[in-house]
Amino acid sequence: MKSKNRAVLRELLSFLGAYKKTLIAASIALVFTATVTLGIGQGVRLLIDEGFVAGSAEKLNQAALFIIVLALLMAIGTFLRFYFVSWLGERVSADIRLSVFNHLLTLHPHYFEENRSGEIMSRLTTDTTLLQTVIGSSASMALRSSLTAVGGLILLFITNLKLSLLVLVSVPLVLLPIILFGRRVRALSRKSQDSIADVGSHAGEIIQQIKTVQSYTQEQREQRAFSNHVEEAFDIAKSRISQRAILIAVVIIITFGSIATMLWVGGNDVLNGAMSAGDLAAFVFYAIIVAGSVGTISEVIGDVQRAAGAAERLFELLSEKSEIIVPDTPKPLVDTQPSMHFNNVSFYYPSRPDQAALNGFSLKISQGKSLALVGPSGAGKSTVFELIQRFYDPNVGDISYGNTNIREASPSDLRSQIAVVAQQPMLFSADVLHNIRYGNPNASQDQVIAAAKAANAHDFISDLPNGYDSFLGEHGVRLSGGQKQRIAIARAILKDPKILLLDEATSALDAESEHRVQQALENLMKNRTTVVIAHRLATIRQADQIAVMEGGRLIAQGTHNELLTSCKLYKRLSELQFQEQAQANINS
């Protein structure tokens, strides 16, 4: 645990180290403010001994002026300390949030299958906000209190040794509960943050699937489930709060009990002439400073512990390694003939290590040709798409782009050559222009409109309230399935890729739109390497080659007519298609 704490601290210091000048300025302001605060004690001593007791109005005025000047300097120092430390808190938390997000974009898809998006978002938002609060406030208070506590103890010894020994005895009594309860608070803080992430994750999923929840009338069931998550988080928070409350109460009892004891001993010394009233007043001032500082430390220690838990969760994300390894010197993909070749590939999804998604799979995807992947559900068609884009690496065998093994190339370089139109396209919570231009951020509006026209999307976009500037809602919820599909096709057209991956890209369209979009796709597919996951017979027949898959294996390859006579599985799938099409014609 200690080594983990040190690792978290090193990571945090590396972010703070980027702003050394601001950190130094904040430290100077911190030390200056603490020093000035302690100097007020000497002003109190002068005020009493040389003013009140000596009966000197001049000395009284000088002591009062001295205290006022120190108060002014303390205000200036506090202003600078607050500004620099708050700036550091905001800046470092923003840097960590940005680093975590940038790192998340490089991780392999399997990571997001194993970890819930709600929990990741909780770390990215809630944890960084907590870290900002602690760095910009609580940590500063803890450091300032530590300095004043140490400085106060030194001045206590200088002022009166006997009373200081009483303070020295009480310090371990105060530190012991801080250390003991601090560990518990940190463990509970981590658990509390995890429970809050569970609450956010559950709520996000239910809101996203609200139509399903309402369609199956499961509102009350989800209310009870969410209530259980909330109550569990509250119970953990209660435990954390009670530990902090006990810590604060114990520290207050010990601290002010020690002060009362010192006042009693010191009061007797003044009555006996062993020390002056001014020295006792200064000693009490420093004792109160030390007590207040220790009290502040005990209060913020919980926040610091929570921040340590938050930092640990964030740096866990930063330390996560992608399973897709980028070579140090990637080979450029400059092949003008972008064919692809699967060479004896076997692949197991990490979540299903005992079940092969592809097994001894070999396939040549010829340059400039269209290849249809056909087979029953679970045959491995979608897996081929995943491996082509290098979202995963095969366990056995290799995949080449032209003459280059894709493991030797940069994944971003490979994916820049590919455009995908999925069966269920995902759109961003933005306007139409942003969603289409995602295929080519540098495209002009005229190019976007041309792509939309080619995808048969321009007419319905023009009818939207704000045309291409119309907001589509979360995941494009304001569009029909066919409209979302055409937006996705326009995005792929705008990218102008060398390789097209189409997952039955026209399946969500009506007959008329399908015909027009199919024409646009045919123009786009000319002299372009295209792989299609095909279910419709019309799509299959137009392919230059058809690959029949079953159980992760390639069992046949050829043209439509060839496979009708040579492959029983393909013939059966074709007959089913004919039957479905005939039934659809009868129903229509």
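Summary table
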item	result
Only listed residue being closer than 19 Å to PRO177 by Cβ and loosely packed, with under 15 Cβ neighbours inside 10 Å, chosen from GLY292, GLY257, GLY273	GLY257
Of the criteria (1) in contact with a helix residue (DSSP H, G or I) (Cβ under 7 Å, 6 or more places away or on another chain); (2) under 17 Å from PHE315 (Cα atoms), which one ASN115 fails	(1)
Test for GLN243: is it part of a helix (DSSP H, G or I), in contact with a Lys or Arg (Cβ under 8 Å, 6 or more places away or on another chain) and either free of Cβ contacts under 8 Å to residues at least 40 places away in the same chain or among the polar types (S, T, N, Q) (or both)	yes
Residues that are in contact (Cβ under 8 Å) with a residue 60 or more places away in the chain and aliphatic (A, V, I, L, M), drawn from the stretch 70-123	LEU88, VAL92, ILE96, VAL100, LEU104, LEU107, ILE120, MET121
Breaking point among (1) in a loop (DSSP other than H, G, I, E, B); (2) under 24 Å from ALA534 (Cβ atoms), for ASN442	(2)
Residue match in the stretch 107-122 (condition: in the same structural domain as GLU11 (by TED's automatic domain parsing), over 24 Å from TYR349 (Cβ atoms) and modelled with pLDDT of 85 or more)	no
The stretch 91-127: number of residues that are of a type in the set (Asp, Glu) and surrounded by 13 or more Cβ atoms within 10 Å (Cβ to Cβ)	3
Hey, SER429 in contact with a His (Cβ under 9 Å, 6 or more places away or on another chain), closer than 19 Å to LEU107 by Cα and of a type in the set (Gly, Ala, Ser) or not	no
Positions within the stretch 310-330 being outside any helix (DSSP H, G or I) and over 14 Å from ARG407 (Cα atoms), in sequence order	GLU320, LYS321
VAL251 vs. criteria without any contact (Cβ under 8 Å) to a residue 40 or more places away in the chain, in the same structural domain as GLY41 (by TED's automatic domain parsing), of a type in the set (A, V, I, L, M) and not in a loop (DSSP other than H, G, I, E, B)	no
The stretch 429-449, residues that are surrounded by fewer than 16 Cβ atoms within 10 Å (Cβ to Cβ) and at pLDDT 85 or above	PRO441, ASN442, SER444, GLN445, ASP446
Candidate set from the stretch 491-526 (those that are part of a helix (DSSP H, G or I), among the basic types (Lys, Arg) and out of contact with any helix residue (DSSP H, G or I) (no Cβ under 7 Å at 6 or more places or on another chain)); member that is modelled with the highest pLDDT	LYS495
Condition check for ILE324: outside the structural domain of LEU153 (by TED's automatic domain parsing) and either of a type in the set (A, V, I, L, M) or at pLDDT 75 or above (or both)	yes
PRO425 vs. criteria outside any helix (DSSP H, G or I), in contact with a helix residue (DSSP H, G or I) (Cβ under 7 Å, 6 or more places away or on another chain) and assigned by TED's automatic domain parsing to the domain that holds ASP544	no
Counted residues, the stretch 472-490 - those being surrounded by fewer than 15 Cβ atoms within 10 Å (Cβ to Cβ), modelled with pLDDT of 75 or more and in a helix (DSSP H, G or I)	1
Residue within the stretch 154-174 that is within 33 Å of the chain's Cα centre (by Cα) and either of a type outside the set (Lys, Arg) or at pLDDT 75 or above (or both) present	no
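The values are calculated or read from the model by the stated rules, or taken from the named source; none is laboratory data. Given the structure is predicted, the values throughout are model-derived calculations rather than measurements. Ideal geometry is used to build each Cβ from the backbone, glycine not excepted, and the neighbour counts take in all protein chains shown.
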